[in-house]
Structure formats: structure tokens, C-alpha cells
Amino acid sequence: LIDSVSVDAACSGNPGILEYQGIDNVSQDQLFYFGPLHHSTNNIGEFLAIVHGLAWLKQRGYDTTTIYTDSRTAMAWVRNKKVKTTLQKTSANQPVWNLIDRAIAWLSKNDIKNPIVKWDTKSWGEIPADFGRK
């Protein structure tokens, strides 16, 4: 049983090369990883990581497992089922926009029961899914 999952993204540049992952907070096992995506932003990665985590958990029947994120922005985007980014659509980042559209469609079609909780970095240290590049 997976007790809780943490998700995080890393972006080299803004926009830049993006990757994200989900980690089981107890075992520290990597549950999923995605990247690299070019011409993206960290906020987009945080959003995609949460939605990927929700879909991954739902597919396995863990629809009450808590997801931790250190991004209030991504939490709001998931809650509102839309992204508020200034990233312009270009041919270079079309794969990013395809994933955003797919994530929004998934959120619209699925009832989310998993709690999405803000990771308290100040009290708890870096989120377990952190890429450790700061």
C-alpha cells in the first residue's frame, strides 16, 4: 500500500528543459518519471506531475492516497482545471501543450478523491521528489 506520494519538477532555464517525477514517500521508490520536455516551465512541470500522479494512483486503485507538492500554483491549476501560464504556444513546445491539453481533459473526466497537500518545506525539508539541483 502506498501511504503518500510526492511529486516535483525541475526545469533548466525558463523556458527550458523540463522533467518531473513521483516518489513513494515511505519506500522512496520512483513511481514515475517523465522528461525531457523542451521549451517548458517549472510550473507546467509541477502541474503535469500532479495530474500524472493522480492518474497513476487511480489506475492502481489508490484513489485516497495523498499527493504532496511544493507548488501552490500547480495546486490551483489542478483545482481550476486550467493553466495560467504566459508560455506561448510554438512549434517547438507543441508536445508540452499536447500534454497540458491531455491533463486538463483527464481532470475534466475524472472525479478526484486524492488529497493534494502543500509540502511544508520550511518544517520538513525538501520534498522527497526533489531533484536536488538547487
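Annotations for the structure displayed:
- Listed peptides 51-57, 23-29 by packing density, highest first (mean Cβ within 10 Å): 51-57, 23-29
- Solvent-accessible heavy-atom area per residue, rounded to whole Å², over the chain at 1.4 Å: 54
- The modelled label-to-label distance between Asn110 and Ala55, using points 7 Å beyond Cα along the C-beta direction, is 0.7 nm.
- For the chain, the Cβ-based charge dipole about the Cα centre amounts to some 580 debye (Lys, Arg positive; Asp, Glu negative; other atoms uncharged).
- If the segment from Glu126 to Asp3 were pulled out straight at 0.36 nm per residue, it would be longer than the present Cα-Cα gap by 42.5 nm.
- Candidates Arg72, Arg102, Arg60, ranked by Gaussian network fluctuation over the chain, Cα under 10 Å, top entry: Arg60
- Helix-derived mean residue ellipticity, 222 nm - over the chain, DSSP H n ≥ 4, -39500 (n - 2.57), to 500: -11000 deg cm²/dmol
- Whichever aspartates and glutamates have a C-alpha closer than 13 Å to that of Lys89, once near sequence neighbours (fewer than 8 apart) are set aside: Asp101
- Separation of the Arg102 and Lys89 label points, Cα + 7 Å toward Cβ, nm: 1.7
- Carbon and sulfur %, accessible surface of the chain computed with the full protein complex present, 1.4 Å: 48
- Computed from label points 7 Å out along Cα-Cβ, the spacing between Thr66 and Lys81 is 2.6 nm.
- Lysines whose Cα lies under 17 Å from that of Lys58, excluding same-chain neighbours fewer than 8 positions away: Lys109, Lys113
The values are calculated or read from the model by the stated rules, or taken from the named source; none is laboratory data. None of these values were measured; they are calculated from a predicted model. A quick note on method: Cβ atoms are made from the backbone with ideal geometry, for glycine too, and the neighbour counts reach across all protein chains shown. Heads up: the accessible areas ignore ligands, DNA and RNA and are worked out on the full protein's heavy atoms, side chains in. Shrake-Rupley method; radii C 1.70, N 1.55, O 1.52, S 1.80 Å.
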